[in-house]
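The values are calculated or read from the model by the stated rules, or taken from the named source; none is laboratory data. Keep in mind it's a predicted model, so treat the numbers as computed, not measured. FYI the Cβ positions are ideal-geometry reconstructions off the backbone, even for glycines, and counts take in every protein chain you see.
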Number of protein chains: 6
Amino acid sequence: MLIHVVNPNTSRSFTDKIDHAARAVASPGTQISATQPVMGPVSIEGYYDEAYAIPGMLARIREAEALGADAHVIACFDDTGLDAARQLARAPVIGIGEAAYHVASLVAGKFAVVTTLALAIPVMEHNLVRYGLATRCAKVRAAGIPVLALEDPASGGVERISAEIEAAKRDDHAEAIVLGCAGMADLAADLSAKHGLPVIDGVAAAVTLAESLVRLGVRTSKLGGYAPPPPKPYVGIFAPFAVGGGAAGDGA
Amino acid sequence: MLIHVVNPNTSRSFTDKIDHAARAVASPGTQISATQPVMGPVSIEGYYDEAYAIPGMLARIREAEALGADAHVIACFDDTGLDAARQLARAPVIGIGEAAYHVASLVAGKFAVVTTLALAIPVMEHNLVRYGLATRCAKVRAAGIPVLALEDPASGGVERISAEIEAAKRDDHAEAIVLGCAGMADLAADLSAKHGLPVIDGVAAAVTLAESLVRLGVRTSKLGGYAPPPPKPYVGIFAPFAVGGGAAGDGA
Amino acid sequence: MLIHVVNPNTSRSFTDKIDHAARAVASPGTQISATQPVMGPVSIEGYYDEAYAIPGMLARIREAEALGADAHVIACFDDTGLDAARQLARAPVIGIGEAAYHVASLVAGKFAVVTTLALAIPVMEHNLVRYGLATRCAKVRAAGIPVLALEDPASGGVERISAEIEAAKRDDHAEAIVLGCAGMADLAADLSAKHGLPVIDGVAAAVTLAESLVRLGVRTSKLGGYAPPPPKPYVGIFAPFAVGGGAAGDGA
Amino acid sequence: MLIHVVNPNTSRSFTDKIDHAARAVASPGTQISATQPVMGPVSIEGYYDEAYAIPGMLARIREAEALGADAHVIACFDDTGLDAARQLARAPVIGIGEAAYHVASLVAGKFAVVTTLALAIPVMEHNLVRYGLATRCAKVRAAGIPVLALEDPASGGVERISAEIEAAKRDDHAEAIVLGCAGMADLAADLSAKHGLPVIDGVAAAVTLAESLVRLGVRTSKLGGYAPPPPKPYVGIFAPFAVGGGAAGDGA
Amino acid sequence: MLIHVVNPNTSRSFTDKIDHAARAVASPGTQISATQPVMGPVSIEGYYDEAYAIPGMLARIREAEALGADAHVIACFDDTGLDAARQLARAPVIGIGEAAYHVASLVAGKFAVVTTLALAIPVMEHNLVRYGLATRCAKVRAAGIPVLALEDPASGGVERISAEIEAAKRDDHAEAIVLGCAGMADLAADLSAKHGLPVIDGVAAAVTLAESLVRLGVRTSKLGGYAPPPPKPYVGIFAPFAVGGGAAGDGA
Amino acid sequence: MLIHVVNPNTSRSFTDKIDHAARAVASPGTQISATQPVMGPVSIEGYYDEAYAIPGMLARIREAEALGADAHVIACFDDTGLDAARQLARAPVIGIGEAAYHVASLVAGKFAVVTTLALAIPVMEHNLVRYGLATRCAKVRAAGIPVLALEDPASGGVERISAEIEAAKRDDHAEAIVLGCAGMADLAADLSAKHGLPVIDGVAAAVTLAESLVRLGVRTSKLGGYAPPPPKPYVGIFAPFAVGGGAAGDGA
């Protein structure tokens, strides 16, 4: 089974960390292919960065489809471009945000999310509402650390995340914690041991759920909003990305 | 990895069908142990049957815990006794209803459930509300067939289920179907092919999700409603089921 | 009019307290019959205890039906087994939890619940969501006292409940309080006087609502999930509890 | 016990019908006092009529308070002026709409409302959302008959109501029916027998719930939106209605 | 374009303040006509005052219709009588509460409301739920100042409002503030500058939205609850307010 | 006042139609600047097209900001890229979808949306949930016509839209209609006259709401998810789009 894990930002160190987290949890027969786009932001913090991350990420998904990927994992907690990817791909696609929320819902009545910057809170809240799982989430909390600072031990990031977990237990009655950034993948086990509750990393959660879908033989339904994009020309530098289209003349 | 799949009713033929469905989807390294209670109803149709199915089912879960089960699957679509089982067990517990709803949410915007009797609709609607996934479910439909009639080809059960799937596509804009009874486990593949949309069987879904949780090393949180039951005596024939208690005298 | 009040736990002192609270509020022409199961836990704290309380409680409801009860009250704040009881009984059935929520909704915009242990919070939250009254409940609070400690004045239980009521007024803007345990039935009047807001005891609330339903001649609808259980055999020690069934052979 | 039942419209025949329905269900020791305003519309069909019904109705509630009423029932299905009445009165106040919704919630999973004109549907839908019971209501249906036509057997009103009940059972899976107009009070028993499900009349429901509140000694909380109106002058013809105020000069 | 702004209370100073706020934001071609009722309370604090404010306010709306008003603005934050006014008027009607909520929703993910007295909180919460925008409102806060005290600089009202805004930013994560009283219209600009977030005054918001509707040529739909009131007699002092009716005899 | 209206697709004919609709409703002092991206799909039908429309659209918004635009209107009914645009722009940004929903909410209790293809339904449903206005929308309907076919009278598109409006009135009790595609801007007036209810075109609605915000001096809050994107390098062909960043080396 080949699972394509795409890091939607363009930072190699992130891709490596994600690759490592994915391989650590994959079943014996599962092959992990970790990629990153050739264009876009070095980290994703908010809607604007997302907008420029998605086109390159979709290109990676199309390539992985051609290479026979059995499932795709989008390794950004915003579930960046998840809907578009589902329209494009034949294989199932899972975002690490939704994966973590679903797993947390299976082991706790209520969970809290601890993410990086306050800027990211509304994105996750919107996703939770759409997925239906907002009622299961006690609160989305931000530790106040930039995404890339997670890579720097001197940033005090781990301590701040730990403090938010403590607050989530005490003030939100959270029974489980979802770590709201792919860059926190390596912290889950230690934080779970320290705080005595399940701490979910989305990358690992998504890889195992992707394996589930493949084993079940279940793919994205093509009946509603995930029907394939109607073929049409794309203009300008995006012409190559059109599905069944091709370049159009000036303004079509 | 040992996954305990408990059929909460006392019909051997049901347990066998569930056992078969579970083995068919389990990973190479996964061992399936299928059980059924020694006491209780031969099928579960509504709240009253549930009430008498749960005590015997919990006994099976306690035994399987002692035998080292890594996860438990409750193989009734009502997710019969799921909360109590989570309080009791150290290993994670998954109901086939919730498993199917979560899997359907990963591959479709909206799904419909097709179950056996109208009597079962409110049970599932209540569960969907609690899980948060009611907003993802377009409708719970009943095919109007008793549970045990599913075993009889002459009952016309498959045709009625198929008709409800057709109606769910046309009238509810359902993009995926959840088969709402453990006894329909063997129908999913054919119905998916026939109707051109994902058709989810809960037994298979729950087994793969159980594998996910075990691989992730995630167990039920013991911080909220799933904290272990406070020890206390149980009176009368239920005395042996008390946790850390023991029999009490008359009326405690 | 005969109202059957069943205490689902097996503690005689609880049954007596409930009996007393019920008689205190009953109309002149109303006869109260208070019972408790012959089997099950001595107190109900969480889902697991509930599972072993319900079978014995349903037996009491069946007996009371035979004796001509006009209505049944289930005197546990979890509304333990309410759905199953409604399926079984011809007469209307009211849980003391739901009774208290409905009464509070008639005299306040928002109410808070003060219960015993944190363990019980999710059970009540789930019920509130199902009943539709979650939007009327500002918060479910736990005073951190075991159910049976309510009987011991030295436990400081009343002071802790009082402190939670104060917090509910100040922090949750609660306009009324629901006492979330049958064992608090004797505290309502004093706490209402002390805190200057309505304090609702579920036992009293349920008895008066039961009288309402009987006087209205309204019984549980048998059209949906409360349709009578389809007859079928029950296996083992539960065989006597089957409705219209009878014992089956080994594993049916 | 003295229960004041106020018909907010100015039609004597309506008041008589309501008085009759109230007396029919009242307990032996309960005295019913039925009133109607001296000013306002002869029937209430929509928000505009409501606006001119409330001032006169509140005057009746104030008078009944002075006469020692133990509870007030507002006998219009819109629960006309219920909030203002709760602010004004010391005794509890119940609207027949809310009473019927609460009673229906105690005997059915889902109910439907059958009212007179389509114009009234949004009013009831708004109330249901506020009360929290919208999730329990399958649908609000209008029979397409003016309020006063209910008094004319030749209007075919009963047949149209009956047809809507049939549709509610078939299409909405309603398990109980709420009759959405005080003028239908005399139809409940026959319709219940004919259709085989609980049919709730709000006047009777409200009277029995009012008795419940009085027996429980529970009054409207004065902590939130129902705190007494701050004293202030009212200008013009409404000066006599000011609470603790008195007439003011030109435009205050 | 003629926009009729009606102050539903009878305080001239309030009407003047509202008139000023409306003129300040109106487009060059827009004419503002500010009125107040000839009868009713000098300020509106809670449901009871509302009940006596509406009849006089509706009379002003009817007069303004006759004078050719293109739109009506109801200048009380409770949106007092908005539904009845929509039934009565041919021109569109906008409440300053709803106007502010809609405008806040266009410039912020979540907003908070700061109003005068705690008594007013439930009224606004109910409106927010009905409008659908409750999910956009982080919290309704009260500054604890009577409406008319806003006119007295020595009351410390502005400081208290400012403190609540600070709390809303810090504790509710509010991104914008809605000032919940027409009497605060003159504070918006200063508070916005001081706190660095949008502060919305409902009078100004409603006037610009009214201009939008007029320019779009969109009027209130007459298909649902806003259909014209069916003609009927009104009794007593309200006889002149009947629509297409006329006075009736004794009690109709 | 300069309002920038950006058509997110690359079809000149669409931009012209939008430009025309915007100018038709703009106030005398308002200048309309209609643009379209230099890259991207010729029409937007679903999530995948959206992903490739947003980057070019954001570039147009940045240019318009530099030219002093007072407000931006995104003229696609999906509100394509609205969140990212709000993060980027200093001036307020309004999507034509949200504009139409807000305007419809001001003139009707419930509205229905009639859009082009079924594929677009989930996008709009998601937006409605996020905006909070899902409870105001009776149904999103698709007329089954591709976006560009709207330009071809022989396509029968108008007839199909008209049929869906009829169904929305009859089956959904819709009181107003929102036309769910910028390409339907020229149909609103005729359809409103024909069907006797408000028919809202989003382009016109958004232009007037943009004028409202500018006149009110209200801009997007920068406190939550719309805080400016943290500066960072973008890689590859997207490097020029980075905010405060600049090109990065290989994979950063």
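The set of residues from the range C:1-50 being surrounded by 24 or more Cβ atoms within 10 Å (Cβ to Cβ), within 15 Å of the chain's Cα centre (by Cα), within 10 Å of another protein chain (Cβ to nearest Cβ) and outside any loop (DSSP other than H, G, I, E, B) comprises C:F14, C:Y47, C:D49, C:E50. Considered as a group, the residues in the range E:171-182 that are within 13 Å of another protein chain (Cβ to nearest Cβ) and touching a residue at least 60 places away in the same chain (Cβ under 8 Å) include one that is surrounded by the most Cβ atoms within 10 Å (Cβ to Cβ), and that residue is E:V178. Of all the listed residues (E:A53, E:A85, E:A59, E:A69), the sole one being closer than 26 Å to D:P231 by Cβ, surrounded by 24 or more Cβ atoms within 10 Å (Cβ to Cβ), of a type in the set (G, A, S) and more than 7 Å from chain D (Cβ to nearest Cβ) is E:A53.
Per-residue answers, yes or no, for (1) within 14 Å of chain C (Cβ to nearest Cβ); (2) part of a helix (DSSP H, G or I); (3) surrounded by fewer than 23 Cβ atoms within 10 Å (Cβ to Cβ); (4) of a type in the set (S, T, N, Q):
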residue	(1), (2), (3), (4)
B:M184	no, yes, no, no
B:A193	no, yes, yes, no
B:A204	no, yes, no, no
B:S212	no, yes, no, yes
B:V218	no, no, no, no
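May I ask you to list the residues in the range B:111-127 that are within 10 Å of chain C (Cβ to nearest Cβ) and not in a helix (DSSP H, G or I)? Hit for the range B:111-127 is B:L117, nothing else. Has the range B:138-152 got any residue that is within 14 Å of B:D78 (Cβ to Cβ) and buried (at least 22 other Cβ atoms within 10 Å of the Cβ)? Among the residues of the range B:138-152, at least one is within 14 Å of B:D78 (Cβ to Cβ) and buried (at least 22 other Cβ atoms within 10 Å of the Cβ), which makes the answer yes.
Taking the criterion of being farther than 20 Å from E:K222 by Cα, buried (at least 24 other Cβ atoms within 10 Å of the Cβ) and of a type in the set (A, V, I, L, M), the only residue of the range F:98-117 that qualifies is F:A99.
Within the range D:108-116, does at least one residue satisfy the condition of being on the phi < 0 side of the Ramachandran plot and either without any contact (Cβ under 8 Å) to a residue 60 or more places away in the chain or in the same structural domain as D:V25 (by TED's automatic domain parsing) (or both)? The answer is no, given that none of the residues of the range D:108-116 is on the phi < 0 side of the Ramachandran plot and either without any contact (Cβ under 8 Å) to a residue 60 or more places away in the chain or in the same structural domain as D:V25 (by TED's automatic domain parsing) (or both). Residues in the range F:205-244 that are over 22 Å from E:D172 (Cβ atoms) and among the basic types (K, R): F:R215, F:K232. Against the test of being under 16 Å from D:F77 (Cβ atoms) and acidic (D, E), the options D:D186, D:D190, D:D171 yield a single qualifying residue, D:D186.
Of all residues in the range A:194-216, those being without any contact (Cβ under 8 Å) to a residue 40 or more places away in the chain and in contact with a strand residue (DSSP E or B) (Cβ under 9 Å, 6 or more places away or on another chain) number 3.
Yes or no, residue by residue, for (1) closer than 24 Å to F:S212 by Cα; (2) in contact with a Leu (Cβ under 8 Å, 6 or more places away or on another chain):
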site: F:A24; (1), (2): yes, no
site: F:Q31; (1), (2): yes, yes
site: F:A34; (1), (2): yes, no
site: F:S43; (1), (2): no, yes
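Residues being in a helix (DSSP H, G or I) and either touching a residue at least 40 places away in the same chain (Cβ under 8 Å) or farther than 27 Å from E:A89 by Cβ (or both): count how many of those fall in the range F:128-141. Number of matching residues: 4. Inspection of the range D:70-77 finds a residue satisfying the criterion of being more than 16 Å from the chain's Cα centre (by Cα) and in the same structural domain as D:N7 (by TED's automatic domain parsing).
Step by step: first the residues of the range C:52-101, then only those that are among the hydrophobic types (A, V, I, L, M, F, W, C) and without any contact (Cβ under 8 Å) to a residue 60 or more places away in the chain, then the one that is nearest to D:V103 (Cα to Cα). Which residue is that? The qualifying residue nearest to D:V103 (Cα to Cα) is C:L82. Within the range E:230-245, not a single residue is within 14 Å of chain D (Cβ to nearest Cβ), within 22 Å of the chain's Cα centre (by Cα), more than 19 Å from E:I96 (Cβ to Cβ) and not in a helix (DSSP H, G or I). In a helix (DSSP H, G or I), touching an Asp or Glu at 6+ places or on another chain (Cβ under 7 Å) and not assigned by TED's automatic domain parsing to the domain that holds B:T15 - does that describe any residue in the range B:142-152? Within the range B:142-152 (the criterion being in a helix (DSSP H, G or I), touching an Asp or Glu at 6+ places or on another chain (Cβ under 7 Å) and not assigned by TED's automatic domain parsing to the domain that holds B:T15), the answer is yes, since at least one residue qualifies. Starting from residues that are at the interface with chain A (Cβ under 9 Å from one of its Cβ atoms) and without any contact (Cβ under 8 Å) to a residue 60 or more places away in the chain, keep the ones in the range F:220-229 and report whichever is nearest to F:A182 (Cα to Cα). Among them, the one singled out is F:G224.
Of all the listed residues (E:V103, E:V140, E:V158), the sole one being aliphatic (A, V, I, L, M), farther than 27 Å from E:I61 by Cα and at pLDDT 95 or above is E:V140.
The condition of being of a type outside the set (D, E), out of contact with any Lys or Arg (no Cβ under 6 Å at 6 or more places or on another chain) and outside the structural domain of F:D79 (by TED's automatic domain parsing) holds for only one of F:K194, F:K222, that being F:K194.
In the range F:153-170, the count of residues that are within 10 Å of chain E (Cβ to nearest Cβ) and assigned to a helix (DSSP H, G or I) is one or more.
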